[in-house]
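The values are calculated or read from the model by the stated rules, or taken from the named source; none is laboratory data. Keep in mind that what you see is a predicted model, and the values were worked out from it rather than measured. Heads up, the Cβs are rebuilt from the backbone with ideal geometry, glycines too, and the neighbour counts pull from every protein chain shown. The accessibility values were calculated without ligands, DNA or RNA, using every heavy atom of the protein model including side chains. Shrake-Rupley method; radii C 1.70, N 1.55, O 1.52, S 1.80 Å.
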Amino acid sequence: MTGFGIASTETDKAKITVEIKSLNSKFLELTLKLPKAYSDKELLIRNDCNRLIERGKVNLIISIEYNAGAERKPVSINQQLLKAYYEQLELGAKALNAKTDDLFTLALQMPEVIKPDEQAVDEDEWKAVYSTFETSISAFNNFRSTEGAELEKDLIQRIKNILQLLTKVEIAEPNRMPIVRDRINKYLEDAVGIENMDQNRLEQELVYYIEKFDITEEKVRLKSHCDYFIATLSEKDAGGKKLGFISQEIGREINTMGSKANDANIQKLVVEMKDELEKIKEQLLNVL
């Protein structure tokens, strides 16, 4: 499910910002970026995200901007590595008859030469970071809740649309059998003549077609599935998977109804039902 949440906290030393963005995904795909000093807290943050976010392609960024007068964390220079880089660069410069003026600056920029000293995390600062993280998660989930409420309205409306189309099917259904009867009579008149028609056989054929084209069970099950879908939406622990299973059953009844209808008007209504159901399935990808 898409979502967005951001929170900021300002302390005496720094401004702490936590930003969370997510796109739709069946699983939780978390990309986490946080200051190196807090790398040992990554597992804690990930576990909290698994518990509080559940699903989505999520980007979470924790940034700390220290004030100009704030005490900075000390750094160390790896003297042996710096010397080794410098000597290798100097050898290369001499071999190529290149200038050696900026070799020291270049050596300082090489990997692992300058790095922060390992030291314990400032606990007061970490408390501020974690509090900001919790606030951003709350804003993120509130965003999702608002979106979810709108999504629920849309799903209910589309289920109601299917039920309205089902009502139209029930209105159109009684007109089917007279048409079938007239069609069979016309075929027999043309084939064998009205005087040679066997009325008993005609009635048997009509009973066969009535049984073959009867959609009473499909209508009852379709209405039941639609009612169950709406009831499930109102449950506290309603999940996208459960709603997906119900939508599959709805689709099965609609397809069977269309194959048995043998009526152009009903089949048009079935196509409209399928269109509504496809939109429901698309929306269910956003449901946790």
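Among the residues that make up the stretch 45-62, is at least one of them assigned to a strand (DSSP E or B), open to solvent by 80 Å² or more (accessible area, probe 1.4 Å), basic (K, R) and in contact with a Gly (Cβ under 9 Å, 6 or more places away or on another chain)?
no
Filter the stretch 253-288 for residues that are assigned to a loop (DSSP other than H, G, I, E, B) and over 21 Å from the mean Cα position of the chain (by Cα) and give the result. Talk me through it step by step, then tell me what you get.
In the first step, residues of the stretch 253-288 are kept if they are assigned to a loop (DSSP other than H, G, I, E, B); the result is 262-263, 285-288.
If the condition is that a residue be assigned to a loop (DSSP other than H, G, I, E, B) and over 21 Å from the mean Cα position of the chain (by Cα), then N262, D263 are the ones that fit.
What are the pairs with Cβ atoms under 8 angstrom where one residue, in the stretch 213-227, is under 17 Å from I246 (Cβ atoms) and open to solvent by less than 40 Å² (accessible area, probe 1.4 Å) and the other, located anywhere, is among the basic types (K, R) and part of a helix (DSSP H, G or I)? Sequence gap at least six, or different chains.
E218/K260
Could you tell me whether G239 is within 30 Å of L23 (Cα to Cα) and modelled with pLDDT under 85?
On the way: within 30 Å of L23 (Cα to Cα): yes; modelled with pLDDT under 85: yes.
It is true that G239 is within 30 Å of L23 (Cα to Cα) and modelled with pLDDT under 85.
Output the number of the condition that S138 fails; it satisfies all remaining conditions of (1) over 23 Å from the mean Cα position of the chain (by Cα); (2) open to solvent by 30 Å² or more (accessible area, probe 1.4 Å); (3) farther than 29 Å from I280 by Cβ.
So the condition that S138 fails would be (1).
From the list K13, K33, exactly one residue is surrounded by fewer than 16 Cβ atoms within 10 Å (Cβ to Cβ) and either without any contact (Cβ under 8 Å) to a residue 40 or more places away in the chain or more than 14 Å from the chain's Cα centre (by Cα) (or both). Which is it?
Numbers: K13 fails: surrounded by fewer than 16 Cβ atoms within 10 Å (Cβ to Cβ).
Just a single option satisfies the conditions, and that option is K33.
Only one of S247, S259 is hydroxyl-bearing (S, T, Y) and surrounded by fewer than 15 Cβ atoms within 10 Å (Cβ to Cβ). Can you tell me which?
Numbers: S247 fails: surrounded by fewer than 15 Cβ atoms within 10 Å (Cβ to Cβ).
None of the other options fit; the residue is S259.
Given the residues N286, N265, which is the only one that is open to solvent by 20 Å² or more (accessible area, probe 1.4 Å) and within 15 Å of E170 (Cβ to Cβ)? Let's see the steps before the verdict.
On the way: N286 fails: within 15 Å of E170 (Cβ to Cβ).
The unique qualifying residue is N265.
Among the residues that make up the stretch 269-277, is at least one of them under 24 Å from F27 (Cα atoms) and either out of contact with any Leu (no Cβ under 6 Å at 6 or more places or on another chain) or open to solvent by 10 Å² or more (accessible area, probe 1.4 Å) (or both)?
Keep residues of the stretch 269-277 that are under 24 Å from F27 (Cα atoms), which gives 277.
Add one more test, that the residue is either out of contact with any Leu (no Cβ under 6 Å at 6 or more places or on another chain) or open to solvent by 10 Å² or more (accessible area, probe 1.4 Å) (or both), and what stays is 277.
So far as the stretch 269-277 goes, yes, one or more of its residues are under 24 Å from F27 (Cα atoms) and either out of contact with any Leu (no Cβ under 6 Å at 6 or more places or on another chain) or open to solvent by 10 Å² or more (accessible area, probe 1.4 Å) (or both).
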